[in-house]
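Read the structure below first, then the notes.
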Amino acid sequence: MSVWDSFYRLDYLDIGFYSNSSAKKATIYGNGKNQVELYFKVKILDKNNNPIDIPDEELINNIYLVNYIDGNKNINPWSQTSRKDDYVKVISWDVQSSDKPVEDYAGEKVLKYYLSVPTGNNGIDISAEIHIPGVGDFNTSSTGTATKNGP
C-alpha cells in the first residue's frame, strides 16, 4: 500500500522565499553557485479531513518548480535542487522584511528547495507543482491544472 492511497484532497500548495516570505522577487548571481532558498508548503488530507504524513523523500520526488506563465516543468537554464550548496545568499529583495523563516503548523509539510542559474538572464516567474500518484498533477501556475481535487 502506498502512502498516496489515502489521498482525498490537496488542501493547499504554496511556494515562497524561505527567509523572506513577503518578497516576490530576489536577485542572485548568475554563476551556477549562488542559490536562493525557497519553500514548498503542502497539506494533503484523507477522506476524514485528517492530514496525511507524507515522508519528505516522497514529497521531494513529487514536487517541482514550474514556469508560472504556462506550468511547464522546463525552467532552463534555471536549476532546482533539494541540496543546499555553500553560497545561499540573496543580493537584493524587492521587499525588505524581518519575517521569521517559514514555519510548519499541524498537518503541514515544509520542504526547502534551492534555485540557481548558470548565467545572467532576465529572471523567471516560478510556481509549484505536486504530482499525486494515481491522481494527477496540481500546480500554482497562472493556468493551473485540470486535475480534480477531491471526489
Whole-percent carbon and sulfur share, accessible surface of the chain, 1.4 Å: 44
Residue-normalised accessible area of the chain, given per residue in Å² at a 1.4 Å probe: 57
Environment charge of Tyr64, counting only residues whose C-beta is closer than 13 Å and scoring Lys/Arg +1, Asp/Glu -1: -1
Where only C-alpha atoms are counted, convex hull volume of segment 1-84 per residue in Å³: 132
Value at 222 nm in deg cm²/dmol, rounded to 500, when DSSP H runs of n ≥ 4 in the chain each add -39,500 (n - 2.57): -500 deg cm²/dmol
Ser21 accessible area, assembled protein chains, probe 1.4 Å, Å²: 50
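The values are calculated or read from the model by the stated rules, or taken from the named source; none is laboratory data. All values derive from a computational prediction rather than experimental measurement. Don't worry about glycine lacking a Cβ; one is built from the backbone with ideal geometry, like all the others, and counts go over all protein chains shown. Note: accessible area is taken over every heavy atom of the protein model, side chains too, but ligands, DNA and RNA are not part of it. Shrake-Rupley method; radii C 1.70, N 1.55, O 1.52, S 1.80 Å.
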